[in-house]
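Below: the structure, in structure tokens.
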Amino acid sequence: MLRLLALLLPLLQPPARAREPSAQDVSLGVDWLTRYGYLPPPHPAQAQLQSPAKLRDAIKVMQRFAGLPETGVLDPLTVATMHKPRCSLPDVLGAAGLVRRRRRYALSGSVWKKRTLTWRVNSFPQGSGLSQETVRTLMHHALTTWGAESDLRFQEVGSQGPTEPDILIDFARAYHQDSYPFDGQGGTLAHAFFPGEHPISGDTHFDDEETWTFGSKDGEGTDLFAVAVHEFGHALGLGHSSAPDSIMRPFYQGPVGNPAEYRLSQDDREGLQQLYGPWFWRLQPSGQLVSPRPARLHRFWEGLPTQVKVIQAAYARHPDGRILLFSGPQFWSFQDRLLEGAARPLTELGLPPGTEVDAVFSWPLNGKTYLIRGRQYWRYDEAAARPDPGYPRDLSLWEGAPSAPDDVTVSNTGDTYFFKGLHYWRFPKGSIKAEPDSPQPMGPKFLDCPAPTVGPRAPRPPRATLKPGDCDCQCGISRAAGRPSVLLLPLLSLLVGGLASP
């Protein structure tokens, strides 16, 4: 028994107290945490010091970003991490960054309003063994990494262009006329500025005192491609992430492999989708906008696979209120905003294998669902859960309807609307013949655009042959991102009438 107690005593004794951080460590820690956004700057008028509780919380958030145990103490590992090479930008963007969220990525709140961005290397590293051609090639691959997961395109331009490129790349030393001076080898490596309208927006700077390398055999130097991918994430609007495999972690993580084969992590892809993924406006059953600001497709429809870039059609299934989204030869079912199950093939609804749809709607006159592709349509019996025989039929049976409509919807008054481009065709309740004054511009009725000015009217364009850009109104909603029909119309059916009670 005595021998057993002797063996247990070391386990029962309280653990030794952790080494208290030195005054120098505390001073370094507070300065570092303030510099990178974890602590607010001290108020000079009130001479207030950071409270122990705030300091402890800030240290925990920093440890989370660094992948360290969240002790809230400036232990040796935490202090050592503060000395690691890293990005110059702060990790916490506002007070909301201190709250633990389901997602790890952070967004700056700013995005580019165009989808083709220009870039140029304005100056090259002086102390690196990399040639100018290698540097340009690495920058190209780093930008392409982000373009591969979005519809963004990047175009290199020369120095003789009429305007400065969107992303201007420089290798600079120490103070270089911005708010983030470099500190020599180690420490801060690079920084980039978020999108915006300022001359410096999107510009990306690398510390020229670093030893920039690529494919280093001995691990010496700093891998230029890895740092460039990180910084271009900032130039597109992403903040730092605490996800372990994210390229947007604030600390340098070493080389990431072959640039031609490198792919972003799930966390980075989701962050990019929130900024540049598909989006849409929501309409009330009355036809009025829920908000003038659009909703992000993947944020709104929880569980929709991130690789889905385009929704071609959508409608609310009246028997059970489920909302169906269509993309390619498959569709997904949602209850409210939550995905139910995996993708299902359109063959379940009676369409031939490989067929896609342009528009889907449920007609209250007979309770049937109509699926349109080009000049043909199929009809599906929801009550019997089977396609009706004798289809497809020619869309000309709906007299005046445009071929391959962007969407079709039925309002809460029973009128049926076909949409194509920026115009609509109205079919009165119960009728399959368009109103004589169709088509009409969509903006004034559905997008809160001002009505066309009074005066001589231009000749009406031929029916069903409108150009996608034709519109009588000039409001910002109808011109958003230059692609209003892509962004609004695929979801109009469920947004006008689909959210009403089934």
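3J(HN,Hα) couplings calculated from phi for segment 368-381 with the Karplus curve 6.51 cos²θ - 1.76 cosθ + 1.60 (θ = phi - 60°) are, in sequence order, 8, 9, 10, 10, 10, 9, x, 9, 10, 8, 10, 10, 10, 8 Hz; Gly and Pro show x. Ranking of PHE446, PHE65 by neighbouring Cβ atoms within 10 Å, starting from the fewest: PHE65, PHE446.
If R0 is 41 Å, the Cβ-Cβ spacing of PHE300 and GLU382 corresponds to a FRET efficiency of close to 0.95. Only the Cβ atoms of Lys and Arg (+1) and of Asp and Glu (-1) were treated as charged; on that basis the dipole of segment 116-276 about its Cα centre amounts to roughly 220 debye. With θ taken as phi - 60° and the Karplus curve 6.51 cos²θ - 1.76 cosθ + 1.60 applied, the whole-hertz 3J(HN,Hα) list for segment 252-264 is 4, 10, x, x, 10, x, 5, x, 6, 10, 5, 10, 5 Hz, x standing for glycine and proline. Residues GLU231, GLU348, arranged from fewest to most other Cβ atoms within 10 angstrom of their Cβ, appear as GLU348, GLU231.
Dipole size of segment 267-361 about its Cα centre, with +1 on Lys/Arg Cβ and -1 on Asp/Glu Cβ: approximately 280 debye, rounded to the nearest 20. Placing dummy labels 7 Å off each Cα toward the beta-carbon, the span from ARG322 to SER291 is 2.8 nm. Shape of segment 116-276 from its Cα gyration tensor (a ≥ b ≥ c, root eigenvalues): rounded if a/c is under 1.5, otherwise prolate when a/b > b/c, or oblate? It is rounded, given that a/c, with a ≥ b ≥ c, falls under 1.5.
Can you compute the FRET efficiency between ASP245 and GLU356 using 1/(1 + (r/R0)^6), with r the Cβ-Cβ distance and R0 = 35 Å? Round to the nearest 0.05. Don't skip to the end; give the middle numbers.
Numbers: r = 34 Å, r/R0 = 0.98.
Between ASP245 and GLU356 the formula returns 0.55.
So for segment 116-276: antiparallel DSSP bridges make up what percent, rounded to the nearest 5? Write out the running numbers ahead of the final one.
On the way: 3 of 16 bridges.
Bridges in segment 116-276 that DSSP calls antiparallel: roughly 20 percent.
Every number here is computed from the coordinates shown, using simple stated rules; none is lab data. Nothing here was measured: the structure is a model prediction, and the numbers come from that model. Neighbour counts run over all protein chains shown; Cβ positions are idealised from the backbone, glycine included.
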